[in-house]
1. Those residues that are crowded, with 17+ Cβ neighbours inside 10 Å and aliphatic (A, V, I, L, M), I need them from segment 17-36; list them, please.
2. From the list Ile47, Ile109, Ile40, Ile100, which residue is surrounded by 12 or more Cβ atoms within 10 Å (Cβ to Cβ) and part of a helix (DSSP H, G or I)?
3. In segment 50-83, what count of residues is obtained for those that are charged (D, E, K, R) and in a helix (DSSP H, G or I)?
4. Looking at this structure, is Leu55 on the phi < 0 side of the Ramachandran plot and in contact (Cβ under 8 Å) with a residue 40 or more places away in the chain?
5. Assigned to a helix (DSSP H, G or I) and either charged (D, E, K, R) or touching a residue at least 40 places away in the same chain (Cβ under 8 Å) (or both): is that true of Gly14 in this structure?
6. Is it the case that segment 66-79 has a residue that's of a type in the set (A, V, I, L, M), surrounded by fewer than 12 Cβ atoms within 10 Å (Cβ to Cβ) and under 30 Å from Leu117 (Cα atoms)?
7. Name, by its number, the condition in (1) loosely packed, with under 11 Cβ neighbours inside 10 Å; (2) under 17 Å from Arg23 (Cβ atoms) that does not hold for Ser91.
8. Quick test of your reading of the structure: Lys3 fulfils all but one of (1) over 13 Å from the mean Cα position of the chain (by Cα); (2) at pLDDT 95 or above; (3) not polar (S, T, N, Q). Name the failing condition by number.
Amino acid sequence: MKKFINSFKYAIQGIISSIKVERNIKIHFIIALLVILGGIILQISNIEWLICIALIFVVISAELFNTAIEITLDVVMPEKNSKVKKAKDISAGAVLMVSIGAAVIGIMIFVPKILSLMHWRM
């Protein structure tokens, strides 16, 4: 049981340490908070909440994987190497793809609600 509890402790420490040192993960958490606030204010549906929450976790998880890959590669190959650069770029590209997909879906969920709210007030 202690090993099981420790695994959660180590995972949380990993998330916290990434927040302390990685600018992009901070940005993803800020955007996640804005999505949550927007969802509350605009009263999104349960399905929309499920989609938003899933996307928040996918984007943050992708960023955590990217950070882990970059740190591992820096340890394994501290000197400049074109293959290491390519691996880091591909890993960052994966985060970008997931983030773009999440942003497009977020626009599809939130923009009609914002436009509807603006029309109602006009």
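1. Those that are crowded, with 17+ Cβ neighbours inside 10 Å and aliphatic (A, V, I, L, M): Ile25, Ile31, Ala32, Val35.
2. Going through Ile47, Ile109, Ile40, Ile100 in turn, just one is surrounded by 12 or more Cβ atoms within 10 Å (Cβ to Cβ) and part of a helix (DSSP H, G or I): Ile109.
3. If we filter segment 50-83 for residues that are charged (D, E, K, R), which is where we start, we get 63, 70, 74, 79-80, 83.
The next check asks that each one be in a helix (DSSP H, G or I); those that pass are 63, 70, 74, 83.
Within segment 50-83, residues that are charged (D, E, K, R) and in a helix (DSSP H, G or I) number 4.
4. Yes: the conditions hold for Leu55.
5. When the stated conditions are applied, Gly14 passes them.
6. no
7. Unmet for Ser91, out of (1) loosely packed, with under 11 Cβ neighbours inside 10 Å; (2) under 17 Å from Arg23 (Cβ atoms): (1).
8. (2)
The values are calculated or read from the model by the stated rules, or taken from the named source; none is laboratory data. From a predicted model like this one, the values you see are computed outputs, not experimental measurements. Neighbour counts run over all protein chains shown; Cβ positions are idealised from the backbone, glycine included.
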